[in-house]
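Structure record follows, encoded as structure tokens.
The values are calculated or read from the model by the stated rules, or taken from the named source; none is laboratory data. For clarity, every value in this text was computed on a predicted model and none was experimentally measured. Don't worry about glycine lacking a Cβ; one is built from the backbone with ideal geometry, like all the others, and counts go over all protein chains shown.
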Protein chains: 2
Amino acid sequence: MRKVSPSTVGRLSIYLRVLSELDGLGAETVSSEELASRCGTTAAQVRKDLSFFGTFGKRGRGYAVEELISALRSILGLERRYRVALIGAGRIGVALLGYRDFQEQGFHIEAVFDADPKKVGQRWGGMTVRPDAELEQALAEEGIDIVIVAVPAEVAQSVVDRVVAAGVRAILNFAPTKLQVPAGVALKNVNMALELEGLSFALARESRPRTRRTA
Amino acid sequence: MRKVSPSTVGRLSIYLRVLSELDGLGAETVSSEELASRCGTTAAQVRKDLSFFGTFGKRGRGYAVEELISALRSILGLERRYRVALIGAGRIGVALLGYRDFQEQGFHIEAVFDADPKKVGQRWGGMTVRPDAELEQALAEEGIDIVIVAVPAEVAQSVVDRVVAAGVRAILNFAPTKLQVPAGVALKNVNMALELEGLSFALARESRPRTRRTA
DNA sequence: ATATGTGAACATTTTCACAGCT
DNA sequence: AGCTGTGAAAATGTTCACATAT
């Protein structure tokens, strides 16, 4: 059980979501085939993904839904609570603050920061926006595990450098820029512009369809 | 020039962003080496990615920044304007509406819908929220190219089915659920919960570190 | 001299196919 | 009989290394 690809981890999250639905519907058991079709993948892929972490199924019977849910939550590290700080109280930041789902999933936003003096002191969803200058100290005091970066692209790298220097090992970046982090720091990006461009590419593709012949 | 992987397309978007920065800084030319290092990839990867679409560089000299920008914009289909509809005027939806960057990039939000009668008629960033019932008709009338789905997970699939039936071929999904679309419809997901779980996994990993020995 | 474009080597990921439990 | 777990095969994606152009 070594070397797990990010795609595998992403799929585990999807399996978990679908399993929760199935559990809600009262399903006790599920086959890799069934799970795969609901997750848009293949049965072999499901089994292979799970096999990296152990053996969870019963041959001839499938997977026990509740058991597999626990197993996945444990694998994904979702059994604990994470302390999250949000940097940037702009549009996206504020939208995230209102997003109750995070709390329920165990990701609790404990502090919000902004560099703009006009934003500092404002209250959002029970939190007061704190000044950028308090960042390093607050990260340590609050024992922050994960930082969400929701600042303009131009300043994102400098914010990340500070956060990393302060000892944070996990960052979720919403700024539309490629960030550099040292090894040992986990970085994930949420980039709507990039996804829109992917759609644009797909649309452009299909309007000049068929195979070949340009000249 | 056939079969282009999604990762290649994603990287093209990143190259474009970095090239725009370089252009802003007055750079006339850039080597694959330089571009790669700024994009967090390798020179060979850059050259290979570009080579799927043609030959853009000058040997011994590198790539002309402005030329490559145009080429990438053309490849990604960014030279035209896209008409976008937003479905769901909740927190995320409203945050997106205020996001001026999309407009500048050529993605214009032309209509906003919500199923909640309390939201219908509200104005956001110069747009009036329209009732869900008008969806199909409006998509056709406005000639919508891309739909952004920002509704609760439970109703996302039914919204997508309607949108696809209405002829839309590109969807950006913010609902935390795996959507099914027929072949020929491009679907991209922006899923913060999934990314947070990826971070959770990474953190869980490194707290039980080293290689092996659990029992 | 320098840096591209690319076939061939390598690595990783996905799929196949089947032995082995239940 | 049914469905998992898993090596082996196939497909896909990345890196190397070098001939080639300026």
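Tabulated values for the structure
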read-out: Residue under evaluation A:Cys39, criteria (1) away from DNA strand C (no atom under 16 Å from the Cβ); (2) closer than 30 Å to A:Val149 by Cα, criterion not met; value: (1)
read-out: Residue in the stretch B:119-129 that is hydrophobic (A, V, I, L, M, F, W, C) and closer than 26 Å to A:Glu206 by Cβ present; value: no
read-out: Some residue of the stretch A:54-65 being in a helix (DSSP H, G or I) and farther than 30 Å from A:Trp124 by Cβ; value: yes
read-out: Yes/no for A:Asp101 being away from DNA strand D (no atom under 14 Å from the Cβ) and more than 14 Å from chain B (Cβ to nearest Cβ); value: no
read-out: Subset of the stretch B:101-142 [closer than 24 Å to B:Val164 by Cβ, among the small types (Gly, Ala, Ser) and surrounded by 13 or more Cβ atoms within 10 Å (Cβ to Cβ)]; value: B:Gly106, B:Ala111, B:Ala115, B:Ala138
read-out: Unmet criterion (only one of (1) more than 8 Å from DNA strand C (Cβ to nearest atom); (2) in contact with a Leu (Cβ under 6 Å, 6 or more places away or on another chain)) for B:Phe56; value: (1)
read-out: Any pair with Cβ under 7 angstrom, 6 or more apart, that starts in the stretch B:143-169 at a residue that is buried (at least 21 other Cβ atoms within 10 Å of the Cβ) and ends at one that is among the small types (Gly, Ala, Ser) and in a helix (DSSP H, G or I); value: B:Val149/B:Ala156; B:Ala150/B:Gly93
read-out: All positions within the stretch A:23-36 that are buried (at least 20 other Cβ atoms within 10 Å of the Cβ), over 22 Å from the mean Cα position of the chain (by Cα) and aliphatic (A, V, I, L, M); value: A:Val30
read-out: Selected residue (criterion: nearest to A:Ala89 (Cα to Cα)) from residues of the stretch A:153-190 that are part of a loop (DSSP other than H, G, I, E, B) and away from chain B (no Cβ under 12 Å); value: A:Ala166
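Conditions (1) of a type in the set (Ser, Thr, Tyr); (2) closer than 26 Å to A:Lys188 by Cβ; (3) part of a strand (DSSP E or B), marked per residue:
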| position | (1), (2), (3) |
| --- | --- |
| A:Ser7 | yes, yes, no |
| A:Ile14 | no, yes, no |
| A:Arg17 | no, yes, no |
| A:Leu22 | no, no, no |
| A:Thr41 | yes, yes, no |
| A:Lys48 | no, yes, no |
| A:Glu67 | no, no, no |
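Quick grid of which residues meet (1) within 12 Å of DNA strand D (Cβ to nearest atom); (2) among the acidic types (Asp, Glu):
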{"position": "B:Asp23", "(1), (2)": "no, yes"}
{"position": "B:Glu34", "(1), (2)": "no, yes"}
{"position": "B:Ser37", "(1), (2)": "no, no"}
{"position": "B:Gly40", "(1), (2)": "yes, no"}
{"position": "B:Ser51", "(1), (2)": "yes, no"}
{"position": "B:Thr55", "(1), (2)": "yes, no"}
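Conditions tested, residue by residue: (1) at pLDDT 95 or above; (2) within 11 Å of chain B (Cβ to nearest Cβ).
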residue	(1), (2)
A:Gly10	yes, yes
A:Tyr15	yes, yes
A:Gly24	yes, yes
A:Glu33	yes, no
A:Gln45	yes, no
A:Thr55	yes, no
A:Val65	yes, no
A:Val94	no, yes
A:Pro117	yes, no
